[in-house]
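Let me begin by presenting the structure, written as structure tokens, before commenting on it.
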């Protein structure tokens, strides 16, 4: 099996790449070639092929075509805040380059007489509007309020159409807040969700832009990577709203900031009540602090998972060596 990860130099992409390299298989199929694609990749582990450059460049797409992957994890994207600030860049990267990638993969398979490549597409819960209904269901209408979500939804629709036509085998996962991103500018308004975790682990004070009762959907990057790999081998249902859209919201932990701060305090032995100062910003809280319950039964039925417990979420997000007993074996 030949496997490609786009956006492999990014936060989730790098973790996914390491996971695939460590396992050397997807499901029961061994990986014959693992390739990473991004603008900048840095030093890669031995045995990983590098495709460095902008996915929108012709020479990069030519190398993707020559690779002829059987499975493509497509994570390359301009993040939410940056996409909203520069819609033209988002259109070029998040929309046009993604559609060109789908076309390249489909055409290559057709020329080889091969079956449709599996494409696991990292979409986003930003496809939904605000306020969200209570609860969010599989058939909740997508009304993206920002450019990022609009372009992601457009790619979901096109990927589902390629799948309907038998050209690709698409699976779009609508990712929630993934933590804990490194402490660096990311272009994401939701960066505070990771920053508060880093601050409390270090015993540092933190000013939170949402109130203690603000609720969000949470998932560790490690669990997200495991879900992405599982999505490549899961067998989607033959009927239902998710079968038509080929898109699923990942199972999540729904936690208030107060619950998260309490968990961080317990895990790292700090007093979060003293360290965290809440100064709610209405615009931020309206988008990132009012997530209702999620009806994720369809995703769970396919074997997709959340982090299990708040403490497991925190440790899996912040402690590189943390593993629940038998966790990785269960996902092979």
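If you bin all the Cα-Cα distances of the stretch 195-255 at 5 Å, starting from zero, the percentages per bin are 4, 13, 15, 18, 17, 12, 8, 8, 5, 2. Compared with the direct C-alpha span, the chain from residue 32 to residue 281 gains 84.7 nm at full extension, assuming 0.36 nm per residue. Every Cα-Cα pair in the stretch 2-330 was counted, and those over 32 Å apart are 26% of them. Which one of 298, 184, 154 has the biggest mean-square fluctuation once the chain is modelled by GNM with Cα springs under 10 Å? Most flexible of the set in this elastic network: 184. Considering only 274, 59, 226, the mean-square fluctuation computed in a Gaussian network model of the chain, springs between alpha carbons under 10 angstrom, is largest for 274.
Taking every C-alpha pair closer than 8 Å and separated by at least 6 residues, the mean separation divided by the residue count of the stretch 2-330 gives a relative contact order of 18 percent.
Considering only the Cα atoms of the stretch 109-164, their convex hull presents on average a projected area of 4.8 nm². Shape index of the stretch 59-146: Rg/Rh, with Rg the Cα radius of gyration and Rh the Kirkwood radius from the inverse mean 1/r over Cα pairs, equals 1.07.
Read-outs: derived from the displayed coordinates by stated rules, not from any lab. Predicted model, so just to flag it, every value in this text is computed and none were measured.
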